[in-house]
Amino acid sequence: MNRRVPLRKRLLVRLLIATVLIAVCSVAATAWLAVETTTRALREEQGQVLAEDMDVLARLSGYAATHPEWRGVQDAVRALSARTGRRIALTTTDRRTIADSAPPGTSLPPRAAATVDPLHVDTYTERGAQRGGIDPRVVGPYRVTDAERARLDKLALVRQNCFARNGYDAEVVQTPSGRPVVTDHDGPVAGGHVPDACADGLLNTPTPTEEKALADLAERSQACLDKLGTSGGMNKFVAVDVTEQRLGTRYLLGEAARPGDREAVREAERCVDAARRAQLDPYVAPVAELFLGGGDTTAVRFDMSPANKAKVVGAAGLVLAVTVAVTAVVAARLVRPLRALTEAAQQPPELHVRVPVTTLDETGILAAAFNDLTERRERLEAQRKAMVSDIAHELRSPLTNIRGWLEVTRDGVVDPDPALLASLHDESLVLQRVIDDLQDLAAADAGTLRLHREPVRADELLDQVAAAHRVAADTAGVGLRTAADGTPWLDADPVRMRQALGNLVSNALRHTPADGTVTLTARRAGDDVVLQVTDTGTGIDPEDLPYVFDRFWRAEKSRSRRTGGSGLGLPIVRHLVAAHGGTVEVDSEPGAGSVFTLRLPGAAAPD
């Protein structure tokens, strides 16, 4: 039957589909992982770059906060560039170069990374930015003199000791103006409130230098405050209060000193901040633009260009093409022997087609197994044909003899004397024996061979078999002996066991010349009983040993009645022993005789 396999169910198609799916998933997963890894790496690198940018901006803002001009900043720019490994350039607002770490003539990046203006700081860093928008390092006229600083340091030490006595862990921090502030790591101690024992007011009192600067600030902010319509006292209070908060002489803004309209206070704060920027402007460097090499701080998004996308698509297509090609070659080599096996299996049984074994893999093993199966089928077919021929021969010979004698007797040629009748009776017995043997083999093949098991003494079984064949042995001039080691017991059907041993003895007597011997022995071997039939006959050639238990096989091909039986005796022995759960083996040497060994389950001696 030649069935056509649907395309979607073919092994080659399945392999190709599976390979393509695996390749697509692999390429997609690899591309996704590469994009994610690259994006993460770029973001991490950008974070490092942003940190470096903020550090550069903080340092240059600090320089501008402490220098009225940019003169001398070139060394600082070069040091920062050497530490970060990036180009750093400072220009005026109209793009005139102030300092640049790159060689002269190098073009600037397309846009500035930041504006350096210590009076308008919009970012927050640890080194000099604050929400008020003025770099705290810009002190200008508020810097105390050395004598004032020494006096303030002593007052700060006294205040620190007083806080310690009242259970507060405080420390003295120096502000950029030189004024010390007593604080802790989280801010002013005691929540901005000074214990009564420490509230002497000396440390918070502005120095003459600071008084002078505060007075100037109040005067500068007066015009703006007048526009708000607040009273003169309120104006002066707000101006002084805001500045003292910047200086660290106050811990809270407005609320602790005087309640009032909060909106008015915020407007006053804006006036004071504007006046303070105007006051500090002469003490800081001019506004400058900061350019950083590769300092683009826009959000990282890994987006491939069309050219890169085309490369990725081309590489993925190439991988898929190579994968499909390799899979097609491998699948074709895999499917080819399978197709050969299918074609061979679909041939008529009589052809016995063999498949060439071209590989050493599982397919090659399958092909070799198929060839072995073909050979076994060929041998079975040959045995079947030979068995049919042998059965016909075995049945034809006695039937021919009986028919011939009956015809001549009917025609009156021969008288039906006792000798003739005895001859016809012998021929019928031969015919009956062949039919009985065939019936036993058929029952064994069908599994319907009945056994009536019982405990049997092996020595008595051997004696019975020997007694049944004593006359035939004496006629042939062959000695027949029995020997038993103890009294082993068998769990067997005594009738079937006498039949099996009888077939072996008959076979031994036929192949043992005169003056030879046939010996039957029995012995115990563990849980089994071993029975042996040993003869001193002609033996069996080594090449014939594998076939001695085949049906109708005989070493003597002439099938003479004198030298061979029907060829069914030994197969019957094998089936009877197997039905008892035992095994039979033969060991023979040409010219030295043969030994047939039966190993059968033993039985306990009955009480």
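FYI, it's all coordinate maths here, none of it is from the lab. Computed from a predicted model, the values in this text were never measured in an experiment. Cβ placement follows ideal geometry from the backbone for every residue including glycine, while neighbour counts extend to all protein chains displayed.
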Separation of alpha-carbon centers, segment 409-483 and segment 577-596, rounded to whole Å: 21
Taking r as the C-beta separation of THR487 and GLU407 and R0 as 51 Å, the FRET efficiency to the nearest 0.05 is 0.35
ALA468 versus ARG270: modelled label distance in nm, points set 7 Å from Cα along the beta carbon direction: 13.2
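Assuming R0 = 60 Å, what is the FRET efficiency of ALA368 and THR37, from their Cβ-Cβ distance, to the nearest 0.05?
The pair ALA368/THR37 has a calculated efficiency of 0.75.
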Could you tell me which residue out of PRO546, THR512, LEU501 lies farthest along the dipole of segment 410-553 toward its positive end? Charges go on the beta carbon: Lys and Arg +1, Asp and Glu -1, centred on the Cα centre. LEU501
Note down the nm distance, to one decimal, between modelled labels 7 Å out along Cα→Cβ at ASP527 and at VAL388. 4.5
Amide H within-cut-off set for ASP184, under 5 Å, with H built and near neighbours excluded: GLU171, VAL189
Efficiency of FRET from Cβ geometry, ALA79 and ARG151, R₀ 25 Å, rounded to 0.05: 0.10
Once both label points are put 7 Å beyond Cα along the C-beta direction, the ASP415-THR448 separation in nm becomes 4.8
Which ³J(HN,Hα) values in Hz, rounded to whole numbers, follow from the phi angles of segment 403-420 under the Karplus curve 6.51 cos²θ - 1.76 cosθ + 1.60, where θ = phi - 60° and Gly and Pro get x? 5, x, 5, 5, 5, 6, 5, 4, 7, x, 6, 10, 7, x, 7, x, 5, 5
